[in-house]
Amino acid sequence: MSDRTKPHVTVLGLGRMGAPIASAFLVAGYPVTVWNRTAAKADALVAQGAVRAATAAEAVTAGSLVIAPLLDHAAVRQALDPIASVLRGRTLVNLANSTPDHARDLAAWATGHGADYLDGAMLALPETVATPDGFFLYSGSRRAFTTYRRELEVMAPAHYFGADPGAAEIHDLALLGTGYAALTGFLHAAALLDTVGTSPEVFAPLAARWLHGMAGFLPELAGEAGRAAYAGGTSTVDLNRAGVDSLIQLSRASGITTDVHEPLKALLDGRSADGHGQDSFSSVFELLRARAPEQQ
Ligand code: FVH
């Protein structure tokens, strides 16, 4: 039974993320209208108490808060462009993964059609929606974030990154990049161990323990990079060059690709060739950071 004192929530897109999001609002007692391009995906939510809208326009009209966990920027534009006029007076929360520029474009477009716009990025898995294990990032309209903070927290702990609509996406992509590097490293290592009969399942707990320890190293790495203070570190460029080199040699000898670690070796070799072999590993940051055009 929904609580009529709560704002009416519309969820556009009932994929892996959208379905648990809509379900979480129903569990929290919100009146919920749902729409999905493939209508059958709404069946279970309708059984749970959601109202099924026949069209995206009907769905947007029903809610004051419109949440769109669609596939990507193109899907958002395809779903919303034809119905721009019904957005007026509503708050649109776009949760599709996109680039900062796409987020800014969409914010300008939505605002131009009279909507309040919040861009969101979901750092969660379908099963961690509405649990403390996931978290969502937001940027764009502060008024929208403040007004609907309680509703946003139904989906996941909510973090606001300021008025630039692109800010949530920059931070999201930075976190995805961190994760992709770690997970690709794990898969490469699993392929390596597969050659000696150690299964990925056996290796996973060991890798998780190591990654947990690595996470504890982040404040030190961040402090060095933030201050550009690389002297006296315990884990130097040259020490890690040797480690990465051994890994590449073993990969090659085992018939495993070296593609994952060659870029890191190139960075470490570059640092060493520039006379920074005894600097901390974190000094690789100096080769990665954006430079003024005249320094490139
Ligand atoms: N799934 C995950 O693990 C990650 C977790 C972190 C966040 N990502 C991002 O979340 C966005 C949604 O991802 P998803 O996993 O829910 O994606 P799908 O299950 O594939 O559902 C996609 C929904 O989008 C609808 N859709 C696609 N194209 C269109 C279109 N042109 N017009 C209207 N709707 C469209 C699709 O509809 P249908 O295929 O069922 O008809 C689904 O409702 C995403 O940005 C991830 O990067 C997920």
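Give V202, V237 a once-over and let me know the one that is open to solvent by less than 40 Å² (accessible area, probe 1.4 Å) and among the hydrophobic types (A, V, I, L, M, F, W, C). Don't jump to the end; show me each part of the working.
Values: V202 fails: open to solvent by less than 40 Å² (accessible area, probe 1.4 Å).
Checking each option against the conditions leaves just V237.
Run A168 past the list (1) within 11 Å of the ligand (Cβ to nearest atom); (2) in contact with a Ser or Thr (Cβ under 6 Å, 6 or more places away or on another chain); (3) closer than 30 Å to M214 by Cβ; (4) not charged (D, E, K, R) and report the number of the one that doesn't hold.
Going through the list (1) within 11 Å of the ligand (Cβ to nearest atom); (2) in contact with a Ser or Thr (Cβ under 6 Å, 6 or more places away or on another chain); (3) closer than 30 Å to M214 by Cβ; (4) not charged (D, E, K, R), A168 breaks only (1).
What pairs come out if I take residues in region 47-75 that are at positive phi and pair them with residues that are at pLDDT below 95 whose C-beta lies under 8 Å away, six or more apart or interchain?
G49/M1; G49/S2
Residues to consider are A190, A207; find the one that is outside the structural domain of A273 (by TED's automatic domain parsing) and free of Cβ contacts under 8 Å to residues at least 60 places away in the same chain.
Result: A190 is the single residue among A190, A207 that is outside the structural domain of A273 (by TED's automatic domain parsing) and free of Cβ contacts under 8 Å to residues at least 60 places away in the same chain.
Which of the following residues is in the same structural domain as V154 (by TED's automatic domain parsing), in contact with a helix residue (DSSP H, G or I) (Cβ under 9 Å, 6 or more places away or on another chain), more than 10 Å from the ligand (Cβ to nearest atom) and assigned to a helix (DSSP H, G or I): A54, A44?
Numbers: A54 fails: assigned to a helix (DSSP H, G or I).
Exactly one of A54, A44 is in the same structural domain as V154 (by TED's automatic domain parsing), in contact with a helix residue (DSSP H, G or I) (Cβ under 9 Å, 6 or more places away or on another chain), more than 10 Å from the ligand (Cβ to nearest atom) and assigned to a helix (DSSP H, G or I), namely A44.
V32 - would you say it is in contact with a Phe, Trp or Tyr (Cβ under 8 Å, 6 or more places away or on another chain), open to solvent by less than 20 Å² (accessible area, probe 1.4 Å) and free of Cβ contacts under 8 Å to residues at least 40 places away in the same chain? So that I can check it myself, show each step before the final result.
Details: in contact with a Phe, Trp or Tyr (Cβ under 8 Å, 6 or more places away or on another chain): yes; open to solvent by less than 20 Å² (accessible area, probe 1.4 Å): yes; free of Cβ contacts under 8 Å to residues at least 40 places away in the same chain: yes.
Yes: the conditions hold for V32.
When you go through V260, V284, V244, V202 one by one, which is the residue that is on the phi < 0 side of the Ramachandran plot, aliphatic (A, V, I, L, M) and assigned to a loop (DSSP other than H, G, I, E, B)?
Numbers: V284 fails: assigned to a loop (DSSP other than H, G, I, E, B); V244 fails: assigned to a loop (DSSP other than H, G, I, E, B); V202 fails: assigned to a loop (DSSP other than H, G, I, E, B).
The match here is V260.
The values are calculated or read from the model by the stated rules, or taken from the named source; none is laboratory data. Note that the structure is predicted; figures quoted are calculated from it, not measured. Note: ideal-geometry Cβ built from the backbone for every residue, glycine included; neighbour counts use all protein chains shown. To get the accessible areas, we keep the full protein, side chains included, count just its heavy atoms, and leave off ligands, DNA and RNA. Shrake-Rupley method; radii C 1.70, N 1.55, O 1.52, S 1.80 Å.
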